[in-house]
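No lab work stands behind these numbers, since they all come straight from the coordinates. If you're wondering where the values come from, they're calculated on a predicted model, not measured in any experiment. Cβ placement follows ideal geometry from the backbone for every residue including glycine, while neighbour counts extend to all protein chains displayed.
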Amino acid sequence: MAAHINHDLPIALFTTCEEFGLPVDDDSAVHRDYQRVDGLLATVETQVAGWFDTGLIADIEDVTPKKTDEAIAMWSLAGARDVAWDHAKILWALRHAGPIRDAYLDGLARTTELAARAMLV
């Protein structure tokens, strides 16, 4: 999920806005809709977290190192979506910059990989 939000979401936002001719702008209907999803996800996240307190998942959690829980807890769904929006804004600004945009996308992929590896270590 972290990789999807950190990498795929900003690209999907940019691509969708570009296809519909809608700027990636903080003061837009697109951004307001995007933020509305945060509330829905927060509700679902709370429900799913409750499932982790019972059954097999709870048993697995009991044998995983405490560091794993701490690494996962550092990741915030809403915070990651805020950063994804910022990445989409940067991609929007670079939409005509060809090689610079490509280098930015490569850097985004590499930092997403780095973050995923850090969570696993």
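Ala42 label point, 7 Å along Cα→Cβ, cut-off 20 Å on backbone N: hits in the range 9-30?
26-30
Distance in nm between label sites at Ala115 and Glu19, each 7 Å beyond Cα in the beta-carbon direction?
2.3 nm
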